[in-house]
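Working notes, beginning with the structure itself.
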Amino acid sequence: MAEINDSTIDKEADSDDATIWTRFKLWICWSCTHLWGVWFLLIVFLLWALRSPLKLRENISYSAVVFSNLSPKFYVALTGTSSLISGLILIFEWVYYRRYGQSFIESVSLRYLSSLLGASEPASTSPECKVWKNPLSLFRGAEYQRYRLATGIDYLTTFDSNMTLQENQSHFTRDSDERSSNEVESLMYRAWQETNPKNRLNMAQKALTIDPNCPSALVLLAEEKAETIVEIERYLKVALKSAEEQQRKTHFSRDGHRDATSTSDPMQKRETNLCVYIRRRLAMCYRKQGRNKEAVKMMKDLQKEFPTMNVLNIHENLIEALLEMHAYAEVQQVLAKYDDISLPKSATICYTAALMKARTVADKFSPDIATRRGLSAAELAAVDVIHRAVEFNPHVPKYLLELKSIVLPPEHILKRGDSEAVAYAFYHLRHWKEVDGALQLLYFTWEGAFNLVPYPLEKGHYFHPYPSCTEAVDKELLPAHHKVSVYPKKELPFFILFTGFLCTFTAALALTTHQYPELMARVARVVTGWLSAPIMFLLEKLEALLPSHIWHQLTRA
């Protein structure tokens, strides 16, 4: 018992010491951050008090004599070396800025010096550029293929198509299908792996000759062979009936009730993925045919039955369909659920929230009146939401304002990238046009978002710094003839401008010193005298004002 008490006392003593040490470090950090002027004065006072032991006056006088006796060649070498070093720094800063979009000196300062001064780290770092499935992707056969035949332009890149094949293989097949004794499963496993479209369709047709109700083969034909939306709907309805029948056989728990959320078994996972995919694409068929109520009902049913599948972003399809129906109250309900700080954002969420705010004030908004009297509270709220949306994805406004042409959206998008902006504007431009004055409000306010974003490093008010890798990924997703938008950059970082000026100035000094060494040596001596004169004057005044015996005692101490 005594040993336990002793160990407890020791732990408490250690914790007290740690707490005291932590408080001391916090106090030091706080004082260095907020009382740096006081610290500077204390250092100056300490140097003044120790001027006699340190022989400051003698050393300053000696250095002045040394500088006055230097030859002109020294100044030539000094200015030339300074010019070379500043030039190398400028080249390094420029290369770093072109590659990473920021200044090396500023990034190092913010990363290390801020931690030494006790500044908090940013809430989150720039995430990896992850590619997401486009919730509103088009049908290959009925839309992409028909457009390619009409124009000769292929909008689907190899990278985009391969991503779709990999996803379809993981969603609609099992690892055991490759070696399955079931010929249809083995055939469809190879079909989802096949990169040649003709071979892929032939395999699906062969699978249907063996099993006329194979849902996986019907889905492939609906996506890539059907030439009209009506034909796609016919394929998908047959596929849905067959998939639901297979799901009923596999998705029942032991007590006889359906277990829709159980996807631990590979077979159950495949059947669930098939049913969800078919119903979602069928809802998109209804939406494209103008049967919006049927589409909305099917999407809502999917959300209720599979609430954990938020990764599919079915709510984005639902928002677009509700906007087409002008059901703005229901759109607000969806936004209230998904526009949450803990959930990942998208252009659909951010810009639909901006559209809903703009809808309340856009019809009465006038730039001239707003300039004279200022913005009202409602207009300020709308502008704030627009700025949040622009900060999330700065490429969307140019497409909504038709300052840049829209192309067919890819099957995959990069959030905050140009591909997401294309996909959003392709479907939502008409919804912005239907709200009177919304585009006008966007036109007069969206560029102001960049003036409010803190600098350097473009750290946003609402989101983490904009990723620098989006341009490279968007070039893989969008067609080659489309010019990819990039994040609007501010002016060059301060340290690049400073090093450029320093390099130019020192190079000019080196050249002038080389041509006129005697003259520049005399100028250097005069400038040194001018700079040292105020310092010596202040030292003399301080010695005259303060009693000498106090300084004498302090220096002796």
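Out of everything in the range 189-236 that is of a type in the set (D, E, K, R) and within 16 Å of Glu167 (Cα to Cα), what residue ends up being least open to solvent (accessible area, probe 1.4 Å)? Here the answer is Arg200.
For the range 440-452, the condition holds for at least one residue, the condition being that it is buried (at least 17 other Cβ atoms within 10 Å of the Cβ), within 18 Å of the chain's Cα centre (by Cα), touching a residue at least 40 places away in the same chain (Cβ under 8 Å) and not in a loop (DSSP other than H, G, I, E, B). Scanning the range 354-397 for residues that are buried (at least 17 other Cβ atoms within 10 Å of the Cβ) and basic (Lys, Arg) yields Lys357, Arg359, Arg388. Checked against the criteria, Ser186 does not count as under 23 Å from Cys275 (Cα atoms), open to solvent by less than 50 Å² (accessible area, probe 1.4 Å) and modelled with pLDDT of 85 or more.
In the range 154-163, which residues are part of a loop (DSSP other than H, G, I, E, B) and open to solvent by 60 Å² or more (accessible area, probe 1.4 Å)? Result: Asp154, single match. Only residues that are part of a helix (DSSP H, G or I), among the acidic types (Asp, Glu) and within 16 Å of Gln145 (Cβ to Cβ) were counted in the range 221-248, giving 3.
For the range 314-322, does any single residue satisfy the condition of being surrounded by fewer than 17 Cβ atoms within 10 Å (Cβ to Cβ) and among the small types (Gly, Ala, Ser)? No, there is no match, as no residue in the range 314-322 is surrounded by fewer than 17 Cβ atoms within 10 Å (Cβ to Cβ) and among the small types (Gly, Ala, Ser). Would you pick out the residues in the range 122-146 that are at pLDDT 85 or above and open to solvent by 60 Å² or more (accessible area, probe 1.4 Å)? Within the range 122-146, Lys133, Gln145, Arg146 qualify.
The requirement of being hydroxyl-bearing (Ser, Thr, Tyr), at pLDDT below 90 and closer than 28 Å to Lys133 by Cβ is fulfilled nowhere in the range 370-388; no residue meets it. Selection of first residues in the range 277-290 that are within 12 Å of Ala222 (Cβ to Cβ) and of second residues that are basic (Lys, Arg) and surrounded by fewer than 21 Cβ atoms within 10 Å (Cβ to Cβ), restricted to Cβ pairs under 9 Å at least 6 apart or on distinct chains, gives the following pairs, ordered by first then second residue: Ile278/Lys237; Leu282/Lys237; Cys285/Arg291.
From the list Asp340, Asp301, the one residue that fits, being open to solvent by 40 Å² or more (accessible area, probe 1.4 Å) and within 20 Å of Ala389 (Cα to Cα), is Asp340. When residues in the range 303-328 are screened for being aliphatic (A, V, I, L, M) and over 30 Å from the mean Cα position of the chain (by Cα), 2 of them pass. If you go through the range 251-276 and keep only what is at pLDDT 70 or above, open to solvent by less than 90 Å² (accessible area, probe 1.4 Å) and not hydrophobic (A, V, I, L, M, F, W, C), you end up with Gln268, Arg270, Glu271, Thr272, Asn273.
Taking first residues from the range 148-169 that are among the aromatic types (Phe, Trp, Tyr) and partners that are open to solvent by 70 Å² or more (accessible area, probe 1.4 Å), the Cβ contacts under 8 Å between residues at least 6 apart in sequence or on separate chains come to Tyr155/Tyr147; Tyr155/Arg148; Phe159/Glu476.
Gly500 passes every criterion in (1) in a helix (DSSP H, G or I); (2) open to solvent by 30 Å² or more (accessible area, probe 1.4 Å); (3) at pLDDT below 75 apart from (2). For Ala217, the requirement of being in contact with a helix residue (DSSP H, G or I) (Cβ under 7 Å, 6 or more places away or on another chain), under 30 Å from Leu156 (Cβ atoms), at pLDDT 85 or above and not in a helix (DSSP H, G or I) is not met.
The values are calculated or read from the model by the stated rules, or taken from the named source; none is laboratory data. Being a predicted model, the structure only gives us computed values, none of them experimental. Positions of Cβ are generated from backbone atoms using ideal geometry, with glycine treated the same way; all protein chains shown enter the neighbour counts. The protein model used for the area step is the full one, side chains on, heavy atoms only, and it has no ligands, DNA or RNA in it. Shrake-Rupley method; radii C 1.70, N 1.55, O 1.52, S 1.80 Å.
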